[in-house]
Amino acid sequence: MKVLVLRPQPGGDETAARARALGLETLVAPLFSVRPLAWTPPDPGGFDAVMLTSASAARQAADGLAAFKTLPCYAVGEATAAAAKETGFADVHIGPDDGSGLLLMMAEDGVHKVFHPCGQDHLALALPDIAITRIPVYAAEAVDRLPVPAENMLALLHSPRAAALFAGIAGDRSRIRIAAISARTARAAGEGWQEVAIAPRPRDEALLELAAELCQNAAR
């Protein structure tokens, strides 16, 4: 059974490389094409921290974030944290896969003013006592169809938005297995799939370990 990797690039190739290291046969078919947006950075002196809820924000806004790299950076998950470090942030705090949980983490650390470079499509996260300045720095444009049929494959779903899009273009759900990075992502995919499994931790590595187990079970 082939594993269908749906993440935008370069994350798609990174996940595929990890999957191949586990002996999985992969096909990379990104659901989104990511491009940077023009934006004007605010004054970094008005913030306590930077909030990153996607690796794409770090990668696409890299030059504009230069003046913010002395601030603490709070990142959703390990992949986003790695992208933040690649961009040049030194003080990176890794939070849960949920932006709301990341806000709670910042509140516990005494953060009150946050700069959130984000995608054009984003959740308007909020928490009392934290002022968030949100600026879109990239757009993730959805594909209207898959380049190959998804039937008889195991699709890896890394986000609720990807899950909802895939559900609309996947084809015959009864012939497709899905592995979701979180319960929220699985819910966004809806019902009717041949099999649905959720990673024990919201990490790419945990999702791939789950995929390897599902593929082994399917081969028996």
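The table that follows gives values for the structure above.
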quantity: Segment 23-48 residues that are more than 28 Å from ALA163 (Cα to Cα), paired with ones that are open to solvent by 70 Å² or more (accessible area, probe 1.4 Å) and assigned to a loop (DSSP other than H, G, I, E, B) (beta carbon under 7 Å, 6 or more apart); calculated: ASP48/HIS112
quantity: Scan of segment 96-114 for residues that are open to solvent by less than 30 Å² (accessible area, probe 1.4 Å) and within 14 Å of ASP129 (Cβ to Cβ), ordered by number; calculated: LEU103, MET106, VAL111, VAL114
quantity: Residue ID - surrounded by the most Cβ atoms within 10 Å (Cβ to Cβ), chosen from residues in segment 126-148 that are hydrophobic (A, V, I, L, M, F, W, C), over 14 Å from VAL50 (Cα atoms) and without any contact (Cβ under 8 Å) to a residue 60 or more places away in the chain; calculated: LEU127
quantity: Residues of segment 168-192 satisfying the condition of being among the aliphatic types (A, V, I, L, M) and surrounded by fewer than 19 Cβ atoms within 10 Å (Cβ to Cβ); calculated: ILE169, ALA183
quantity: Residue check for ALA163: assigned to a helix (DSSP H, G or I) and crowded, with 21+ Cβ neighbours inside 10 Å; calculated: yes
quantity: Strands (runs of 3 or more DSSP E) wholly inside segment 1-95 that include at least 3 residues being open to solvent by 60 Å² or more (accessible area, probe 1.4 Å); calculated: 32-36
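Here's the yes/no breakdown for (1) modelled with pLDDT of 90 or more; (2) touching a Gly at 6+ places or on another chain (Cβ under 8 Å):
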{"site": "ASP129", "(1), (2)": "no, no"}
{"site": "PHE166", "(1), (2)": "yes, no"}
{"site": "ILE169", "(1), (2)": "yes, no"}
{"site": "GLU191", "(1), (2)": "yes, no"}
{"site": "PRO202", "(1), (2)": "no, yes"}
{"site": "LEU210", "(1), (2)": "yes, no"}
{"site": "GLU213", "(1), (2)": "yes, no"}
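The values are calculated or read from the model by the stated rules, or taken from the named source; none is laboratory data. No experiment lies behind these values; they were computed from the predicted model shown. Cβ coordinates were reconstructed from backbone atoms using ideal geometry, including for glycine residues, and neighbour counts include every protein chain displayed. These accessible areas exclude ligands, DNA and RNA; they are computed on the full protein's heavy atoms, side chains included. Shrake-Rupley method; radii C 1.70, N 1.55, O 1.52, S 1.80 Å.
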